[in-house]
Amino acid sequence: MIRAVIVDVDDTLCLTQAASFALENEVLAEMGRPPMPPALHLSTWGQPLLDAMPTRSPGLDLARFSALYQAALERYIADGRLDVIPPDNLRALDEFVLTGRAVFLLTSRTEDEVRHMLEPDHVLAERVSGIYHAGNTRFRKPDPRAFDELLATTGIPPAQCVYVGDSPGDAVAAGGAGMHFVGCLQSGVRTPEDFDLRHVDAFIDAFPDIVEAVHRLDRARLSAPGG
């Protein structure tokens with residue numbers, strides 16, 4: 001049985017690419033820099049923000065950008081423009097909790113970028129058993145060791161975990177760690193052709209479909225020899 005469902009944040013649990021593109025260009029404008037084109041943002045989407053920004057805006061003062069970005073991020077969250085988790089996605093998480101599966105988040109975001117999700121009154125507080133981010137993990141996706149802290153803390157075997165994410169790097173990390181992987185295509189940013197299918201168990205068109213995808217993985221495990 002799948003015991004742990006591990007969820008990526010950006011363009012998986014909530015759709016964020018378009019809002020992040022607007023937010024980052026707003027900060028660049030505040031710094032007097034030209035906006036990045038949409039195609040450039042998409043081509044570097046999935047990388048940690050401060051790793052991607054030198055490509056998105058060459059010569060950028062990263063320290064100043066980071067400070068301005070944090071303030072803009074807080075405004076976007078307060079205004080409901082970023083990290084809005086749809087009710088159907090929350091119901092999917094509830095289904096896992098009700099059936100005895102642990103739910104975790106694993107993201108390449110920094111601690112500052114997920115701090116609001118760690119608050120005790122956040123909608124995830126009673127649904128998610130742990131949030132793993134750049135502040136409490138040593139490695140970033142697509143390195144399979146991105147899951148090391150989660151696996152060490154929970155003691156759950158990788159074969160009993162499924163990671164759901166939106167990027168080829170997510171799939172490579174999960175596959176390298178010995179986990180199942182389900183690709184979420186809801187954002188429209190990527191298609192199945194972008195992935196190495198050796199690392200993918202299934203694709204879903206919308207996040208709530210992860211519930212049935214996990215049920216199918218369970219049935220496949222039970223029907224396998226020795227299952």
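The values are calculated or read from the model by the stated rules, or taken from the named source; none is laboratory data. Remember, it's a predicted structure, so these values are computed and weren't measured experimentally. Methodologically, a virtual Cβ is constructed for each residue, glycine included, from the backbone with ideal geometry; neighbour enumeration extends over all protein chains shown. These accessible areas exclude ligands, DNA and RNA; they are computed on the full protein's heavy atoms, side chains included. Shrake-Rupley method; radii C 1.70, N 1.55, O 1.52, S 1.80 Å.
The table that follows gives values for the structure above.
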quantity: Subset tally (residues that are out of contact with any Lys or Arg (no Cβ under 7 Å at 6 or more places or on another chain) and more than 25 Å from residue 106 (Cα to Cα)) for the range 20-59; calculated: 15
quantity: Breaking point among (1) without any contact (Cβ under 8 Å) to a residue 24 or more places away in the chain; (2) in a loop (DSSP other than H, G, I, E, B); (3) surrounded by 15 or more Cβ atoms within 10 Å (Cβ to Cβ), for residue 138; calculated: (3)
quantity: Hits in the range 78-125 - residues which are outside any helix (DSSP H, G or I) and among the hydrophobic types (A, V, I, L, M, F, W, C); calculated: 82, 84, 85, 102, 103, 104, 105, 106, 123, 124, 125
quantity: Scope the range 11-30; condition touching an Asp or Glu at 6+ places or on another chain (Cβ under 7 Å) and either open to solvent by 10 Å² or more (accessible area, probe 1.4 Å) or basic (Lys, Arg) (or both); matching residues; calculated: 17
quantity: Residue 64 being among the basic types (Lys, Arg) and farther than 21 Å from residue 106 by Cα; calculated: yes
quantity: Total residues in the range 50-69, condition farther than 24 Å from residue 165 by Cα, touching a residue at least 24 places away in the same chain (Cβ under 8 Å) and not in a loop (DSSP other than H, G, I, E, B); calculated: 4
quantity: Looking only at the range 185-211, and only at residues there that are free of Cβ contacts under 8 Å to residues at least 24 places away in the same chain and over 20 Å from residue 13 (Cα atoms), the one that is least open to solvent (accessible area, probe 1.4 Å); calculated: 197
quantity: Residue in the range 164-177 that is within 28 Å of residue 66 (Cα to Cα), in a loop (DSSP other than H, G, I, E, B), touching a strand residue (DSSP E or B) at 6+ places or on another chain (Cβ under 8 Å) and of a type outside the set (Phe, Trp, Tyr) present; calculated: yes
quantity: Residue list for the range 31-49, restricted to those being free of Cβ contacts under 8 Å to residues at least 40 places away in the same chain and assigned to a helix (DSSP H, G or I); calculated: 38, 39, 40, 41, 43
quantity: Selection count where residues are closer than 14 Å to residue 107 by Cα and outside any loop (DSSP other than H, G, I, E, B), scope the range 1-16; calculated: 5
quantity: Residues of the range 187-202 satisfying the condition of being in contact with a helix residue (DSSP H, G or I) (Cβ under 8 Å, 6 or more places away or on another chain), part of a loop (DSSP other than H, G, I, E, B) and not hydrophobic (A, V, I, L, M, F, W, C); calculated: 187, 190, 196, 201
quantity: Residue in the range 212-224 that is under 26 Å from residue 88 (Cβ atoms), touching a residue at least 60 places away in the same chain (Cβ under 8 Å) and aliphatic (A, V, I, L, M) present; calculated: yes
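Okay, residues lined up against (1) modelled with pLDDT of 95 or more; (2) among the charged types (D, E, K, R); (3) open to solvent by less than 20 Å² (accessible area, probe 1.4 Å); (4) over 26 Å from residue 73 (Cα atoms):
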{"position": "86", "(1), (2), (3), (4)": "yes, no, no, no"}
{"position": "95", "(1), (2), (3), (4)": "yes, yes, no, yes"}
{"position": "122", "(1), (2), (3), (4)": "yes, no, no, no"}
{"position": "130", "(1), (2), (3), (4)": "yes, no, yes, no"}
{"position": "144", "(1), (2), (3), (4)": "yes, no, no, yes"}
{"position": "148", "(1), (2), (3), (4)": "yes, yes, no, yes"}
{"position": "156", "(1), (2), (3), (4)": "yes, no, yes, yes"}
{"position": "167", "(1), (2), (3), (4)": "yes, no, yes, no"}
{"position": "172", "(1), (2), (3), (4)": "yes, no, no, yes"}
